[in-house]
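Before any comments, here is the structure.
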Amino acid sequence: MRGEVVVRVGAKVLAPFIITFGLCVHFHGDYSPGGGFQAGVILAAAIALLALVYGLEAVQKVVTPRFVRACAALGVIIFAGVGVVTMVLGHNYLGYDALAEGHAGQHYGILGVELGVLVTVFGVMVTVFYLFAGRRGRTQ
């Protein structure tokens, strides 16, 4: 498919919209269906689309395997960090009321936790895609 102009242009046009939709799903996740997991999968799907159209090597130059593995670890740190911050502020682990007064603390806490989930899921899903796509028909 790398020679098909329509497919290449279509993927290049669609990718920013897919990424924007993923971020929209993330930021509306505490008010409506969606959240970090769904957003992470949508963002990973944008990377998979580009890799299928432009080739795995071309995409890995921009979104390196090292970066996506770091995302997987960083997301866990973000998730756990929100809980540690609430404990340092004198509340229970993930006691969001420590972050701000009223419902604002709940909102900030959920957004932080969901951000950690998004980054972790994105990193893991792209890593799995890279591993499978990089096999090139090799069998064991």
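What angle, in degrees between 0 and 90 and rounded to the nearest 10, separates the Cα long axis of helix 65-88 from the longest principal axis of the Cα atoms of the chain? Result, in degrees: 10. Against the set [x] 15.2; [y] 16.4; [z] 20.1, the structure's computed Kirkwood radius over Cα pairs in Å falls on [y].
Shown in residue order for the range 104-111 are the 3J(HN,Hα) couplings computed by the Karplus curve 6.51 cos²θ - 1.76 cosθ + 1.60 at θ = phi - 60°: 4, x, 4, 4, 5, x, 5, 4 Hz (x for Gly and Pro). Normalised per residue, the accessible area of the range 5-139 is 59 Å², obtained with a 1.4 Å probe and no contribution from ligands, DNA or RNA. Post the alpha-carbon centroid distance, the range 8-57 to the range 63-86, in whole angstrom. So the separation of the two Cα centres works out to 19 Å.
Relative to the longest principal axis of the Cα atoms of the chain, helix 36-54 runs at roughly 20 degrees.
Relative to the longest principal axis of the Cα atoms of the chain, the long axis of helix 5-27 lies at roughly 10 degrees.
The values are calculated or read from the model by the stated rules, or taken from the named source; none is laboratory data. What you see is a predicted model, and the numbers here were worked out from it, not measured in a lab. Side chains are part of the model used for accessible areas, which takes the heavy atoms of the whole protein and leaves out ligands, DNA and RNA. Shrake-Rupley method; radii C 1.70, N 1.55, O 1.52, S 1.80 Å.
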